[in-house]
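Where a number appears in this text, it was derived from the coordinates with a stated rule and is not lab data. In this text the structure is predicted, and so the values were computed from the model without any measurement. Note that each Cβ is placed from the backbone with ideal geometry, even for glycine, and that neighbours are counted across all protein chains shown.
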Amino acid sequence: MIRFSPLLLALAIGSLAGCDQSSSPATPQAKIVSTARYGATVNADRLIFADPREWLSHGRSYDEQRFSPLDQINADSISSLGLAWYADMDTSRGQEATPIVVDGALYVTTAWSNVKAFDAKSGKLLWAWDAKVDRSKGVDACCDVVNRGVAVWNGKVFVGTLDGRLVALDSATGELVWEKMTVDTTKPYTITGAPRVIKGKVIIGNGGAELGVRGYVSAYDAETGEMNWRFYTVPGNPEDGFEQPELEEAAKTWKGKWWEQGGGGTVWDSVAYDPELDLLYIGVGNGSPWNQAIRSPGGGDNLFLASIVALDPDDGSYRWHYQTTPGETWDYTATQHIILANLEIDGEERRVIMQAPKNGFFYVIDAITGKLISAEKFVPANWATHVDLETGRPVEMAEARYEKTGKPFIVYPGPQGGHNWHPMAFNPETGLVYIPAREQSTGYVSDPNFEASIRGWNTGIDFAKGAALIRSSSDAVRPRQSYLKAWDPVAQKERWRVPQPDPGQTSGILTTGGDLVFMGNAGGEFVAYHAQTGERLWSHITQAAVVAAPSSYVIDGEQYVALLVGSRGLPEAGPGAIGATTDKSTNNSRLLVYKLGGPATLPNKVIKLKTASGQSDRPAPPPVTASNETIAHGEQVYGRYCSVCHGPTAVSPDVGTFPDLRHSPRIGSNEAWASVVMKGELAEQGMVSFAPSISDSDADAIRHYVISRANQQD
Ligand code: CA
């Protein structure tokens, strides 16, 4: 059932001879048996070979293709695909991890960086590990307290925690082996990305460029936890000397005192590795602050922001880089998923890197040299007309540089990107890349009063004015939409697309040797499409919105597909909504595992919110009593400090996780409001005090802004 060449098949049998017994069912003495199982034998050879019967690393194999050659579940058999087992994740926060499957165990991370291990066949919980992340750390997370998964190596499971630790757990028992703090804890660093293990080194980056940090990626010895090397993606203060020789050159592309606000360039998601070239590739994030006129007054390319950088995995030394967005000023990270593949281009087989970063261009780059091969828009983009293939540089539209012209401008894609972290997938049999794509515009307005602070987004952009710009110019704004897009990377052309139910949300993708593309959606479904045509072949109601990517594996001759579901409350509409109202129900975060003939059914369970802020018993809002000036000030402060979680224009995108403040019983009382906003009464739930950043009168102005919004119809 695995489409292998005879040579590869022989290799597979040979390399697995020692662990065939590992696919027998778990016994009651699982702990004893498991010391010889469960990730104990993962080594360099196994990771490079990446047997398709397991899912050994984040993107399945080091090339991060997220292609499973398995084909027992295929376009013909899929009608009998059913739920084999499921497990509740005990949280209403987002689920972004890809399940890792090795030696019969399945490992996932869940919200707050917690780890769970299951028997991959039976679904029995083997162990669970609580990262015990201080809930007040949640305020530093740009985009919920999520985690995208673990890495496994030589009997250890590695996870990066939201508060910046790299942790090694015993893969059989979940006991702590070692942990290292990888960040300066006085700064708003977070880790949400999955580690990768390359040649015995655990590679880990971090996030925080929205708040003001300096990006880097580090390697730690998998056995001891000692740091092997660290590569900074942006230069620090030249007076302190440069940690790496190429940073001296990079510093020439910056102006002003960029280091005072960190500069950004965090490596918060993508890592890929080519064992033959022995090159490690990292995706580098946006600038901090976003607004380049503030970050680097006078411009410059600001290396290595928004770049793919190739490193030597042994010592972290620089090999080459390709910058997708020189002098980025729109949050155009190049941290999106990097895929390595062999493509035939102009009659020649080339080893290439493919990336569809936020900026809307699909890049094909020579994996050996870093030279651009081709770049075309995979979604509409108005910040650049095209990419010049000679220079490798985008040809920008002057108006899009709002920070230079001083004039507000609606740019697409916006900061959510034409494609975000949700992994895309490449199927070498169809030759297509499947991209979870979306279209979205954002009003960029420079904030002339910008001052960096410790608890707000330090972007240098006035979000309130940007939102107003969008509201007042609806004709100029492209409709928001999202879709699964099949992209031919050689022709750089779309082959087909399937619209997705939520215009603002997409999910990760798996493609298989069974001619299938698997993708969940925000409408609460898990769907399989034909990889050639996009025809919808199968779906299952997940009772939760989906953002994560599935993985696939085989045990005892049966192919499984595993997926974490849960994000942003229950689906509001569509087949997966199970008649629940999102105002009253948190999401059903779960691990769902499927196989042909799977007999399990989900309980028709709707988890109730603990707080009573549902639509039916919603009290009438207090009357508007504040001046327009106060409300406008409140809107501005809200835009900077509150909107990321509680939603732009005070409409919560996810009432299951972030209360819709318009319906808060606290908005009628300055005291009740201040006890949360300024005194941190709900810090244990992640709502810390904002007293370090805003004044009492700022807090009250926010309250009056929310009251004014509660009295409006939209
Ligand atoms: Ca960002």
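Listed by first and then second residue, the pairs with beta-carbon distance under 8 Å, at least 6 apart or on different chains, first residue in the stretch 142-171 and over 20 Å from GLY200 (Cα atoms) and part of a strand (DSSP E or B), second away from the ligand (no atom under 16 Å from the Cβ) and not acidic (Asp, Glu), are ASP144/ARG93; ASP144/GLY94; ASP144/ALA111; ASP144/SER567; ASP144/THR657.
Looking only at residues in the stretch 252-266 that are part of a loop (DSSP other than H, G, I, E, B) and within 16 Å of the ligand (Cβ to nearest atom), the one that is farthest from VAL150 (Cα to Cα) is GLY262.
Within the stretch 107-138, being closer than 20 Å to THR192 by Cβ and either within 16 Å of the ligand (Cβ to nearest atom) or surrounded by fewer than 19 Cβ atoms within 10 Å (Cβ to Cβ) (or both) holds for ALA128, ASP130, LYS132, ASP134, ARG135, SER136. Restricting attention to the stretch 306-323, the residues that are without any contact (Cβ under 8 Å) to a residue 60 or more places away in the chain and acidic (Asp, Glu) total 1.
In the stretch 392-411, the qualifying residues are those that are out of contact with any strand residue (DSSP E or B) (no Cβ under 6 Å at 6 or more places or on another chain) and closer than 17 Å to ASN302 by Cα, and the one that is surrounded by the most Cβ atoms within 10 Å (Cβ to Cβ) is ARG401.
Taking only the stretch 438-476 into account, find how many residues are assigned to a loop (DSSP other than H, G, I, E, B) and either charged (D, E, K, R) or in contact with a strand residue (DSSP E or B) (Cβ under 6 Å, 6 or more places away or on another chain) (or both).
Taking the stretch 438-476 first, the residues assigned to a loop (DSSP other than H, G, I, E, B) are 440-441, 445, 447-460, 462, 473.
Restricting the remaining residues to those that are either charged (D, E, K, R) or in contact with a strand residue (DSSP E or B) (Cβ under 6 Å, 6 or more places away or on another chain) (or both) gives 441, 447, 451, 455, 462.
Going through the stretch 438-476 one residue at a time, the tally reaches 5.
Only one of the numbered conditions (1) surrounded by fewer than 19 Cβ atoms within 10 Å (Cβ to Cβ); (2) outside any helix (DSSP H, G or I) is violated by SER675, and that is (2).
Look at (1) of a type in the set (S, T, N, Q); (2) within 16 Å of the ligand (Cβ to nearest atom); (3) in contact (Cβ under 8 Å) with a residue 60 or more places away in the chain and you find that ASN359 fails only one, number (3). Checking each residue in the stretch 143-157 for being out of contact with any Lys or Arg (no Cβ under 9 Å at 6 or more places or on another chain) and buried (at least 19 other Cβ atoms within 10 Å of the Cβ) picks out ASN147, ARG148, GLY149, VAL150, VAL152, TRP153, GLY155, LYS156, VAL157.
Table: residues versus (1) crowded, with 24+ Cβ neighbours inside 10 Å; (2) under 28 Å from GLU96 (Cα atoms).
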position	(1), (2)
GLU276	no, no
LEU279	no, yes
GLY285	yes, yes
TRP290	yes, yes
GLY298	no, no
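Has the stretch 287-305 got any residue that is in a loop (DSSP other than H, G, I, E, B), within 27 Å of the chain's Cα centre (by Cα), in contact (Cβ under 8 Å) with a residue 60 or more places away in the chain and more than 16 Å from the ligand (Cβ to nearest atom)? Within the stretch 287-305 (the criterion being in a loop (DSSP other than H, G, I, E, B), within 27 Å of the chain's Cα centre (by Cα), in contact (Cβ under 8 Å) with a residue 60 or more places away in the chain and more than 16 Å from the ligand (Cβ to nearest atom)), the answer is yes, since at least one residue qualifies. Does ALA219 qualify as being touching a residue at least 60 places away in the same chain (Cβ under 8 Å) and touching a Pro at 6+ places or on another chain (Cβ under 9 Å)? Judged against the criteria, ALA219 is a match.
Within the stretch 526-554, the set of residues being part of a strand (DSSP E or B) and surrounded by 24 or more Cβ atoms within 10 Å (Cβ to Cβ) comprises PHE526, ALA528, TYR529, SER551, SER552, TYR553.
Checking each residue in the stretch 185-194 for being buried (at least 24 other Cβ atoms within 10 Å of the Cβ) and away from the ligand (no atom under 16 Å from the Cβ) picks out only ALA194. Count of the stretch 498-508 residues, restricted to those that are in contact (Cβ under 8 Å) with a residue 60 or more places away in the chain and either more than 11 Å from GLN481 (Cα to Cα) or assigned to a strand (DSSP E or B) (or both), is 2.
Looking across the stretch 195-251 at every residue that is over 25 Å from TYR322 (Cβ atoms) and in a helix (DSSP H, G or I), the one that is nearest to the ligand (Cβ to nearest atom) is identified as ASP240.
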